[in-house]
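Scroll down for the structure; my scribbles are underneath it.
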Amino acid sequence: FPSHDTGIDIDSLPYPDYSDFDLTRYLGKNSICAEISRGCVAKCTYSTEVYYWKFRDRGALTVVDELEYKDKKYGISFVSFVDSLMNGNLKEFRRFCEEIIKRDLKINWWGYARADGRMDLDFYQTMAAAGAQGFNYGIESGSDKVLKAINKKNTVAEINQNIIDSHKVGMKVSACWVIGAPGEDIEAFNHSF
């Protein structure tokens, strides 16, 4: 195995081959899994992911090329992105969305993301136009005190705005929570609750 400092260029990996699978027989008909990145840009105190690999993302055009190829070959209609966070590189992530729109790919998708104050309503409108159905956010806490203690590097206000903007454009939201995080007292827990 390569050390944690040695990363495979994930743009150079071949596309997964689904030719032996009848994608219509699965619960999520004509759906596949894909990834935009590996690792995480954050350094949250509870996460071990940053110790295993550094954040690496694929080029937006490479990812859209793969989706276009899979759509033509397999007739996919839905993609579950398995990244820890799709939006680790916001510039490339926006480019990914814009390229899907430009190529008029009719693919819906879902993934994991971190709440980020730089993602405004315009960004959410672009994501929705690109087929985003929603995100599973690593929200962790409804308390700014706890978010700071776990080094989350976002705020309750940013999280709330992301959820509001998701709703405005018709995207769904799921949330991951950490109960009993460092610094969480009964008041902080009640903010999350």
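The 3J(HN,Hα) values that the Karplus relation (6.51, -1.76, 1.60; θ = phi - 60°) gives for segment 139-144 are, in residue order, 7, 6, 8, x, 10, 4 Hz. Gly and Pro appear as x. Gain on full extension, evaluated as 0.36 nm per residue between L121 and E49 minus their Cα-Cα distance, stands at 23.0 nm.
Fully extending the segment from I101 to F21 would add 26.0 nm, taking 0.36 nm per residue of separation and subtracting the current Cα-Cα distance. Taking amide H positions as modeled 1.01 Å from N, with prolines and chain starts lacking one, the residues under 5 Å from I139 and 5 or more places away or on another chain are C176. Look at the Cα gyration tensor of segment 64-105: its axes a ≥ b ≥ c give a/c of at least 1.5 with a/b at or below b/c, and that counts as oblate. For segment 92-193, the convex hull drawn through the C-alpha positions has a volume of 86 cubic angstrom per residue. Probe radius 1.4 Å, ligands and nucleic acids ignored: give me the carbon and sulfur share of the accessible area of the chain as a rounded percent. C and S fraction of accessible area: 54 percent.
Charges were assigned to the Cβ only: +1 to each Lys and Arg, -1 to each Asp and Glu. The resulting dipole of the chain about its Cα centre is roughly 180 debye. Largest GNM mean-square fluctuation among A149, A60, A129, using the chain with Cα springs under 10 Å: A149. Using heavy atoms of the protein chains and a probe of 1.4 Å, the accessible area assigned to Y18 is about 40 Å².
Of the peptides 61-68, 171-178, 20-27, the order by per-residue mean of other Cβ atoms within 10 Å, starting with the highest, comes out as 61-68, 171-178, 20-27. For I76, the residues whose modelled amide H falls within less than 5 Å of its own, excluding neighbours fewer than 5 places apart on the same chain, are D71. Counted by Cβ distance under 12 Å from L105, the other residues give a net charge of -2, where Lys and Arg count +1 and Asp and Glu count -1. Within segment 153-185, list the residues whose amide N lies under 17 Å from a label point set 7 Å along Cα→Cβ of L90. In segment 153-185, the label zone of L90 (backbone N under 17 Å from the point 7 Å along Cα→Cβ) covers 153-166.
When the P(r) of segment 4-89 is calculated, the portion above 21 Å amounts to 38% of the C-alpha pairs. In order along segment 113-128, the Karplus-derived 3J(HN,Hα) couplings, from 6.51 cos²θ - 1.76 cosθ + 1.60 at θ = phi - 60°, round to 8, 9, 4, 8, x, 6, 8, 8, 4, 4, 4, 5, 5, 5, 4, 5 Hz, and Gly and Pro are given as x. Over the chain, accessible surface divided per residue gives 56 Å², non-protein components excluded, 1.4 Å probe.
Within the shell of other residues whose beta carbon sits under 15 angstrom from the beta carbon of L147, the net charge comes to -1, with Lys and Arg scored +1 and Asp and Glu -1. Just going by the charge dipole of segment 60-177, with Lys and Arg at +1 and Asp and Glu at -1 on Cβ, which of A175, A60, I150 is farthest out on the positive end? With unit charges placed on the Cβ atoms, the residue in question is I150. Relative contact order for segment 65-128: 42 percent, from Cα pairs under 8 Å spaced at least 6 residues apart, divided by residue count.
Pairs K54/K106; K91/K145; K73/K172; K54/K153; K43/K172; K72/K168: which exceed 22 Å Cα-Cα? Too far apart for the 22 Å limit: K54/K106; K91/K145; K73/K172; K43/K172; K72/K168.
Measuring nothing but how far apart in sequence close Cα pairs (under 8 Å, 6+ apart) lie, relative to its length, segment 98-182 scores a relative contact order of 36 percent. What the Cα convex hull of the chain gives, in volume per residue, is 132 Å³.
Charged neighbours of G183, selected by a Cβ distance under 9 Å, balance to 0 (K, R count +1; D, E count -1).
The values are calculated or read from the model by the stated rules, or taken from the named source; none is laboratory data. Because the structure is predicted, anything quoted here is derived from the model rather than measured. Cβ: placed from backbone, ideal geometry, glycine included. Neighbour counts: every protein chain shown. The protein model used for the area step is the full one, side chains on, heavy atoms only, and it has no ligands, DNA or RNA in it. Shrake-Rupley method; radii C 1.70, N 1.55, O 1.52, S 1.80 Å.
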